[in-house]
Amino acid sequence: QVQLVESGGGLVQPGGSLSVSCVASGTDFSPYDMSWYRQAPEKQRELVAGVSSGGRTNFADSVKGRFTISRDDAKNRVLLQMNMDRLKPEDTALYYCNVGRTDWLGRRHEAWGQGTQVTVSS
């Protein structure tokens, strides 16, 4: 059974830094892509950053140059971390960890974390 446990987040002033982490366990994650999404109040959930099974990273335009993402794979366990610098009030949201893969039939298999709050405010 796949489990995702998030940590980090919190309250930070504009211009500050924060990190969020996600530990995924329960299966071989080597074929899985891993991502961070966020959802602000009354807004749709959006992709923030991702790292593929092959290690390629991608970022939303709004966070490019400010956020970094990394994954550290072990047997049936992976640590996903995102470091956030020069935070802005508009980065305030509930941040969700996502792991997923598409099988040979085109079916999406994914799991979500419970979310961790990031608030940027003075």
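Out of curiosity, is residue 110 assigned to a strand (DSSP E or B) and surrounded by fewer than 16 Cβ atoms within 10 Å (Cβ to Cβ)?
Values: assigned to a strand (DSSP E or B): yes; surrounded by fewer than 16 Cβ atoms within 10 Å (Cβ to Cβ): yes.
In short, yes.
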I'm checking my understanding of the structure. Among residues of the range 13-55 that are touching an Asp or Glu at 6+ places or on another chain (Cβ under 9 Å) and of a type in the set (Ser, Thr, Tyr), which one is nearest to residue 97 (Cα to Cα)? 37
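Output the residue which, of all residues in the range 38-59 that are over 15 Å from the mean Cα position of the chain (by Cα) and modelled with pLDDT of 95 or more, is most open to solvent (accessible area, probe 1.4 Å).
Per the stated criteria, the residue is 44.
Just the residues that are open to solvent by 60 Å² or more (accessible area, probe 1.4 Å) and of a type outside the set (Val, Ile, Thr), please, taken from the range 93-106.
101, 104, 105
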How about the range 60-92: which of its residues are within 20 Å of residue 14 (Cβ to Cβ), open to solvent by 50 Å² or more (accessible area, probe 1.4 Å) and either in contact (Cβ under 8 Å) with a residue 60 or more places away in the chain or part of a strand (DSSP E or B) (or both)? 68, 83, 85, 86, 88, 89
From 70, 30, which residue is modelled with pLDDT under 95 and among the polar types (S, T, N, Q)? 30
Using the structure shown, decide if residue 117 is open to solvent by 70 Å² or more (accessible area, probe 1.4 Å), touching a Ser or Thr at 6+ places or on another chain (Cβ under 9 Å), closer than 20 Å to residue 17 by Cβ and not in a loop (DSSP other than H, G, I, E, B). yes
Residues being in a strand (DSSP E or B) and among the charged types (D, E, K, R): count how many of those fall in the range 18-56. 3
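Is it true that residue 33 is open to solvent by 70 Å² or more (accessible area, probe 1.4 Å) and either of a type in the set (D, E, K, R) or within 18 Å of residue 109 (Cβ to Cβ) (or both)?
When the stated conditions are applied, residue 33 does not pass them.
The values are calculated or read from the model by the stated rules, or taken from the named source; none is laboratory data. Values in this document were obtained by computation on a predicted structure and should not be read as measured data. Counting neighbours? That spans all protein chains shown, and the Cβs are built from the backbone with ideal geometry, glycine included. The accessibility values were calculated without ligands, DNA or RNA, using every heavy atom of the protein model including side chains. Shrake-Rupley method; radii C 1.70, N 1.55, O 1.52, S 1.80 Å.
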